[in-house]
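Written below as structure tokens is the structure these notes are about.
The values are calculated or read from the model by the stated rules, or taken from the named source; none is laboratory data. Quick caveat: nothing in here was measured; it's all calculated off a predicted structure. Glycine also receives a Cβ, built like all others from the backbone with ideal geometry; neighbour counts cover every protein chain displayed. Each accessible area value is taken on the protein alone, full model and side chains, heavy atoms only, with ligands, DNA and RNA left out. Shrake-Rupley method; radii C 1.70, N 1.55, O 1.52, S 1.80 Å.
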Amino acid sequence: MSEKEIAEVSEAAIAVHWQEEGYFQPSAKFIAQANMTDTNIYNRFSLDNFPECFKEYADLLSWYKYWETTLDTSDAPCWKWFVGGKINASYNCVDRHLAQHKNKAAIIWVPEPEEEAHVALTYQELYVRVNEMAALLQDAAKLKTGDRVTIHMPMVPELPITMLACARLGVIHSVVFGGFSGRACGERAADSGSRVLITMDGYYRNGTLINHKEKADTAVAVAASEGQTVDTVLVWQRYQDKYIAEENPMVEGRDHFVYDLLKQYRGKRVDPVQLPAEAPLFLMYTSGTTGRPKGCQHSTGGYLAYAAGTSKFVQDIHPNDVYWCMADIGWITGHSYIVYGPLALAATSVMYEGVPGFPDAGRAWRIAEQLDVNIFHTAPTTVRMLRKAGPDEPAKYNYHFKHMTTVGEPIEPEVWRWYHEVVGKGEAVIVDTWWQTETGGFLCSTMPALHPMKPGSAGPAMPGIHPAILDENGDPIKSGAGVAGNIVIQNPWPGAFQTIWGNRDRYVSTYYAKYCKNPDSKDWRDWPYFPGDAAVQAPDGYFRILGRVDDVINVAGHRLGTKELESAAMVVQEVAEAAVVPLADELRGKVPDMYVALKPGIEPSEAIRQRIIHAIETEIGKIARPRNVYIVPDMPKTRSGKIMRRVLASISNRADVGDVTTLANPEIVEEVRRMVQGDDDSAFYG
Ligand code: WTA
């Protein structure tokens, strides 16, 4: 291995060795029905036509009032889109479809227990339920435009109903992934200043009815400890006629059953609030390089235009399609591509409560067969799991996808090919969509009827997105150079987040400071957006995303900050230091591996290890559980005392640790290596 490769024990170093893959063509049948077959779209969205080109996306929506300024850069780099325009997201996703699609399923909900009936909500029913919930939020919960609400719910139809009810009023929702702990929810509620928390008593996961309300009680306490009073907790019920979280009684005056309150609002209608295009629609917290997650603030008009445009052209959603995205609405994929994008296009969006492999590896394909799903959207980690659990299952079911999406992490070409041949039965096009919580919608992807697919590559940039790959000095790396660098987007786009809630400085320093050409400039050309991913561009212009360059680990498509995990471990009082590194995993892409050093005089024990794991589960959630927790005598450190995570990552992944002689304590490296790998030197050097 060369010096350079040793120095970067990152996904980049591993992935750059992938070989070039061949192309796969979309079928004539797909092209014949596709929404976007006009290659000229890339000219229409060229930089010469920027920013006006994005009117094409905005025109997919219904506006109360057209905007005067397409892009306002006066507060750079907090971009404002469609300024002067008035719009409502709930109106666009619900009301406007009633004339033509009132009796069509907006949402089909599939409960995890297979014996429970599916629930189909027509657009008319969605309209009624969103209105009644909006009336409740306004009246009983005293919420008004601009207030924030934290929503901590599983995958049930009441979740999009709640979101759309908030959107109707201009109440900013902050949905926290249901699998996150009560503490994680409470911290986010405090950061966003939510006085209302909306939750559910429980839900099914892997065959078990889980108590979810207990997390709300913790969340309220944690928010209070951070100075935020949550005075109202609205509790949806998994079964309307019972309460399945008896161990966590309803708190008098604070907690209310939504279904009880709703009785007062039967038949109520609430006019959608005509909001400025740049009014925030929601916050979505995501992990960064410090312990505190960032509340990415998304706009109403720009975000919805971008989610709708990309859903139409890249997801190829037509109103008569049955579209199923298996993501969780608690992540950005669920916001943009289960709720806002598909519903803005009057699609039928399928929601599934449970885990894909329950009760067996055929479940997903049975759902697809039963509902005649024709567009399927999931993450590489799920594809890997389904492939491992039942490589031959898809062939047993009579479903036909025209289109499939992969999102969230790089997909290995081998896994891609199984997805294409077996899941897609060789018929479906695949789009590998690269984007982020911050970006609102896709940044790179093939346009499914216009470009051939290439396994492992996200493809070219989306129309109107103009990336470049830069080296550390900001010099561009040419396509085909075979060298990885930092991918940046040179121009703003409507789906981009507006700021980090309450922390503009962090927004600027994390995403714009690195390549900013002039911090005083009001010209967008001086502010390339830095997403924090490494990438290479092939001679054909396709981008291959290699992974994060910051302290974030992508676990099964979910971003976890290493600092968040490390701070959680530090809650255990015996722990002196903690370091988390990514360990390559066959199914989940990456998993965290944790190293801890204890305070002087404390003996390592299994009990301490268990307490550390428990701390991570309660501080963050079970998805963050490390694969291994190694209690080591000391951390490898530089002379200035910085923990060398790179060395630990090499040990975890059985890669060459490189030259460690300049460390303050080089001898510890071999000691840690023996603990982790045993005494097998061939594994070390091989
Ligand atoms: C990674 C999920 C490779 C990337 C939508 C990004 C990907 C992070 C892809 C964002 C892809 C997302 N290929 N890597 N198609 N899509 N990523 O915020 O590192 O949960 O920065 O948004 O996932 O994760 P987030």
Task: Separation in nanometres of the label points that stand 7 Å from Cα toward Cβ, at V251 and T208 - done: 2.5
Open item on the list: Could you work out the percent of alpha carbon pairs in region 353-407 separated by over 16 Å, rounded to a whole number?
Closed with: 39
Task: Dipole of the chain, positive direction: furthest Cα of P280, V632, G182, with charges on the beta-carbon - done: P280
TODO: Could you pull out every residue, at least 5 positions away or on a different chain, whose amide H is within less than 5 Å of the one on G621? Hs are placed 1.01 Å off N in the peptide plane, and Pro or chain starts have none.
DONE: S181
- [ ] Write down the Kirkwood hydrodynamic radius of region 220-276, to one decimal in angstroms, obtained as one divided by the mean of 1/r over all alpha carbon pairs.
- [x] 14.0
TODO: With a 1.4 Å probe and every protein chain kept in, tell me what percent of the accessible surface of the chain is carbon plus sulfur.
DONE: 50
- [ ] State the extension gain, in nm to one decimal, for the chain segment bounded by E114 and R366, taking 0.36 nm per residue of separation less the distance between their alpha-carbons.
- [x] 89.7 nm
Task: Stretchable slack from K622 to Q124, in nm (0.36 nm times residue separation minus alpha-carbon distance) - done: 175.5 nm
- [ ] Rounded to the nearest 500, what is the 222 nm mean residue ellipticity of the chain from helices alone, with -39500 (n - 2.57) per DSSP H run of 4+ residues and division by all residues?
- [x] -7500 deg cm²/dmol
Task: Percent RCO, i.e. relative contact order, over the chain, from Cα pairs under 8 Å lying at least 6 residues apart - done: 14
Open item on the list: If I take R0 = 35 Å and measure r between the Cβ atoms of V483 and N518 in this structure, what FRET efficiency does the formula 1/(1 + (r/R0)^6) give, to the nearest 0.05?
Closed with: 0.80
Task: Average Cα contact separation per residue, region 568-686, under 8 Å, 6 or more apart, as relative contact order % - done: 23
Open item on the list: Based only on Cα atoms, what mean projected area does the convex hull of region 377-459 have, in nm²?
Closed with: 5.2
Task: Highest-first arrangement of 205-213, 585-593, where packing means the average Cβ count within 10 Å - done: 585-593, 205-213
TODO: Sort 380-393, 399-412 for me by packing, meaning the mean count of neighbouring Cβ atoms within 10 Å per residue, highest on top.
DONE: 399-412, 380-393
Task: Accessible area of region 388-483 divided out per residue, in Å², using a probe of 1.4 angstrom - done: 32
TODO: Would you mind getting me the FRET efficiency between D48 and S605? Use the beta-carbon distance for r and R0 = 60 Å, nearest 0.05.
DONE: 0.35
TODO: Using per-residue counts of other Cβ atoms within 10 Å, averaged over each peptide, order 40-52, 421-433 from highest down.
DONE: 421-433, 40-52
- [ ] List the relative contact order of region 161-281 as a percent without decimals, with contacts defined as Cα pairs under 8 Å and 6+ residues apart.
- [x] 28
TODO: Averaging over all projection directions, find the projected area of the Cα convex hull of region 34-152 and quote it in nm² with one decimal place.
DONE: 12.2
Task: Cα-derived Rg over Rh, computed across region 444-493 with Rh taken as Kirkwood radius - done: 1.00
Task: Cross-link partners of K86 among lysines (Cα-Cα below 20 Å; sequence separation of 8 or more within a chain) - done: K55, K65, K144
Task: Spacing of the two label points (7 Å from each Cα toward its C-beta) at R525 and R506, in nm - done: 3.3
Open item on the list: Expected output is a single nm value to one decimal: the length gained when fully extending between K65 and A99, i.e. 0.36 nm times separation in residues minus the C-alpha distance. What is it?
Closed with: 10.2 nm
TODO: Calculate the radius of gyration of the Cα atoms of the chain to one decimal place, then report Dmax, the largest Cα-Cα distance, as a whole number, both in Å.
DONE: 24.6, 74
TODO: Under a cut-off of 19 Å between alpha-carbon atoms, report the lysines in cross-link reach of K522, not counting same-chain residues fewer than 8 places apart.
DONE: K80, K514
- [ ] Please name which of P531, A576, V555 has its Cα lying farthest along the dipole of region 527-576 towards the positive end, using unit charges on Cβ (Lys, Arg +1; Asp, Glu -1) and the Cα centre as origin.
- [x] P531
- [ ] Calculate the translational D of region 112-243 in whole µm² s⁻¹ from Stokes-Einstein, where the hydrodynamic radius comes from the Kirkwood formula applied to all Cα pairs, the temperature is 10 °C and the viscosity 1.306 mPa s.
- [x] 105
Task: Probe 1.4 Å, all protein chains present, accessible-area order of V549, V415, largest first - done: V549, V415
Open item on the list: Need the C-alpha centroid separation for region 365-416 versus region 600-640, integer Å.
Closed with: 36
